[in-house]
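The values are calculated or read from the model by the stated rules, or taken from the named source; none is laboratory data. Just so it is clear, the model here is predicted, and its values are computed rather than measured. As a convention, Cβ positions derive from the backbone with ideal geometry for all residues, glycine included, and neighbour counts pool all protein chains shown. The area values use the complete protein model at the heavy-atom level, side chains included, leaving out ligands, DNA and RNA. Shrake-Rupley method; radii C 1.70, N 1.55, O 1.52, S 1.80 Å.
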Amino acid sequence: MPDRILILGGTADAAALATRLVAEGHDVITSLAGRLSTAPVLPGEVRIGGFGGADGLAAFLAVRAITRVVDATHPFAATMSRHARDACAAQGIPLQRLQRPLWGKHPGDRWHMADDAAMAARMAARLGRRIFLTVGANTLGPFTRFGGPFYLVRLIEMPSRLAFPRCRLVLDRGPFRLEGEIALMRRFAIDLLVAKASGGPATEAKIRAARSLGIPVVLVRRP
Ligand code: NAP
């Protein structure tokens with residue numbers, strides 16, 4: 001029996017993996033949560049939407065005769081990763097995790113590590129007056145409680161609302177280039193970058209730009 005591989009996706013890494021595995025002749029299903037209004041075009045089969053918890057995923061694995069699972073979700077998608085572990089253990093199916101390398105801290109980097117978004121928001125309000133916020137649409141809530149600073153908010157899609165008294169919205173998605181990130185931070189006179197410690201090369205340019213401009217960074221630790 002050939003392998004049938006389920007990739008838990010929603011990341012550029014997952015898309016690249018699906019492309020490679022399909023090109024090698026594997027039978028691949030990529031699963032997306034469906035958070036974005038348009039799904040990316042991917043080789044192989046694509047299914048969209050939650051499974052209904054770990055039990056729902058376990059049932060999907062059985063019904064679709066999945067032989068291996070690759071968890072290629074974002075490092076902050078902790079619930080999906082936990083469900084993948086539980087469902088694969090229940091079905092006796094091998095699970096692999098595609099993990100991004102953490103960004104390396106360089107001498108002179110002024111990194112402030114936060115345990116979660118609420119802590120990052122408190123630190124950011126203390127450290128920055130003009131903040132570049134790159135934590136994603138689902139993590140903006142705690143920052144809106146601190147309305148003093150100006151926020152440059154970068155998201156992939158237009159949010160339903162943006163509850164900051166002083167902000168500018170930039171719609172864009174990675175990979176980003178160093179020169180572009182430096183230009184953006186200069187244009188808005190940014191004095192603090194806030195990011196999730198996602199790691200990986202696609203979004204590292206903002207970290208390198210902050211380093212090059214001597215700007216401090218508040219990083220939310222991985223869950
Ligand atoms: P999460 O909190 O770990 O998952 C919440 C629920 O969403 C899961 O229990 C599952 O619903 C559903 N879900 C998540 N990923 C799924 C997938 N690949 N396929 C099918 N259902 C999925 O996840 P999240 O942080 O909201 O992230 C959602 C998606 O966006 C993930 O695919 C992730 O890779 C991507 N993403 C997340 C971030 C981030 O910062 N969190 C950043 C970039 C991309 P059921 O329980 O019903 O199965």
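Key figures for this structure:
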| read-out | value |
| --- | --- |
| Residue check for residue 222: within 22 Å of residue 109 (Cα to Cα), basic (Lys, Arg), touching a residue at least 24 places away in the same chain (Cβ under 8 Å) and assigned to a loop (DSSP other than H, G, I, E, B) | yes |
| Filtered residues of the stretch 34-54 (kept if open to solvent by 50 Å² or more (accessible area, probe 1.4 Å), within 8 Å of the ligand (Cβ to nearest atom) and at pLDDT 95 or above) | 48, 50, 52 |
| Complete set of residues in the stretch 182-209 that are open to solvent by less than 50 Å² (accessible area, probe 1.4 Å), within 15 Å of residue 130 (Cα to Cα) and without any contact (Cβ under 8 Å) to a residue 60 or more places away in the chain | 182, 184, 185, 188 |
| Residues (open to solvent by 60 Å² or more (accessible area, probe 1.4 Å) and in contact with a Leu (Cβ under 6 Å, 6 or more places away or on another chain)) located in the stretch 1-33 | 10 |
